[in-house]
1. Would you check which residues across segment 223-255 are small (G, A, S) and within 16 Å of the ligand (Cβ to nearest atom) and list them?
2. Residue pairs, Cβ under 7 Å, 6 or more apart or interchain, first in segment 84-105 and farther than 21 Å from A70 by Cα, second among the polar types (S, T, N, Q) and at pLDDT 95 or above. List them.
3. With (1) under 18 Å from D293 (Cβ atoms); (2) within 16 Å of the ligand (Cβ to nearest atom) as the list, and L58 as the residue in question, which single condition is left unmet?
4. For the structure I just gave you, tell me whether R203 is farther than 24 Å from R74 by Cβ and either away from the ligand (no atom under 16 Å from the Cβ) or at pLDDT 90 or above (or both).
5. Condition first: of a type in the set (G, A, S) and touching a residue at least 24 places away in the same chain (Cβ under 8 Å). Now tell me which residues in segment 168-218 satisfy that.
6. Can you tell which of K169, K208, K221 is basic (K, R) and in contact with a His (Cβ under 8 Å, 6 or more places away or on another chain)?
7. Among the helices (runs of 4 or more DSSP H) contained in segment 61-175, which hold 2 or more residues that are over 26 Å from F254 (Cβ atoms) and among the charged types (D, E, K, R)?
8. Given the conditions (1) touching an Asp or Glu at 6+ places or on another chain (Cβ under 8 Å); (2) within 15 Å of the ligand (Cβ to nearest atom), which single one is not true for A131?
Amino acid sequence: MVHPTESEPDDDAGDDDSDASTDAETTPDATDPAHEIPALLRENLYVVVEELVDHDGLLVALDFDGTLAAIEHRPEEAAIPDRTREAVAALADHPNVEVAVVSGRELADVRERVGLPDISYAGNHGLEIHAGEYEVHPTARDAEEDIASLCELLTDELAEIDGVIVENKGVTATVHHRLVDDEEVPVVENAVESLVATRDDVRLTTGKDVLELRPAVEWDKGEAVRELYDQLVPDDEEWLPVYVGDDTTDEAAFSLLGDRGLGVKVGDDPGTEAPYRVADPDAVRAILAWLSDYGVEFLGTDHHGVPVGTA
Ligand SMILES: [Mg+2]
């Protein structure tokens, strides 16, 4: 598998030598019980197992692009590898485990790409949530017309710039400039910033080669995780929330978890609030497989010294 990441994680941030550097033909099946424990878990096994022991269940919230799927030049090319889909499905299949994908993509888009109808989803950074039933933030719904008209304005204004993609995602919009020449990126940024500056009902956030227009409501991936927890976890139980993501918008979820859950940053971008890191989506899959094969056995066991299946 090819990972066209801009910043090769080559330091000790990930160090998952057994998982990231080989291709699909030679990598051992991550769900194989003989598979080695991923580096992140090897180094923090005691803490992770203690957390699992102390909780009744597990809520695993996962970003999509750069976390489950490798970043691609065009957003429509991003795809989840079959083995990752299988790892997510196997984990979600355990009792007292819920898995949710939390993406900046439109909910219907990310749900189709993941291809698992029975897990939960938060789209548009949580402005749309599917966890049993579908919900849209009410203020966000009102913003759809405004977002559509802003997309039209931007499409016209940026028509001369090669490679720019203005994507209307319903309650939000994304301007992609990964394919734009470096010297023209500021032109794109200025156009979007000037337009948003004229509106008090829309706010601007930035990510990897993207500018995102969102309704000016207080809502982010952290709020999405809080909402998912409220909806999915029984009131009288304490579940361990885990969040895995690679981008700046994921920081809201890492801050929400703080030390009440496990935040895992994908890649080596500096300045994250997540206490743990993995190198790339292959390492994410290995973690999910470990949780499914071994980790869930510890949930709520409240005792120590159980073998963990290391080689
Ligand atoms: Mg991402």
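The values are calculated or read from the model by the stated rules, or taken from the named source; none is laboratory data. This one's a predicted model, so the numbers in the text were calculated from it and none came from an experiment. Please note: Cβ atoms are built from the backbone with ideal geometry, for glycine as well, and neighbour counts cover all protein chains shown.
1. Passing the criteria: A224, G245, A252, A253.
2. H94/S292; E98/S120
3. (2)
4. Details: farther than 24 Å from R74 by Cβ: yes; either away from the ligand (no atom under 16 Å from the Cβ) or at pLDDT 90 or above (or both): yes.
Here the answer is yes, as R203 does meet what is asked.
5. Listed by number, the residues that qualify are G170, A173, A191, G207.
6. Values: K169 fails: in contact with a His (Cβ under 8 Å, 6 or more places away or on another chain); K208 fails: in contact with a His (Cβ under 8 Å, 6 or more places away or on another chain).
Unique residue meeting the criteria: K221.
7. 82-92, 138-142, 144-157
8. It is condition (2) that A131 fails.
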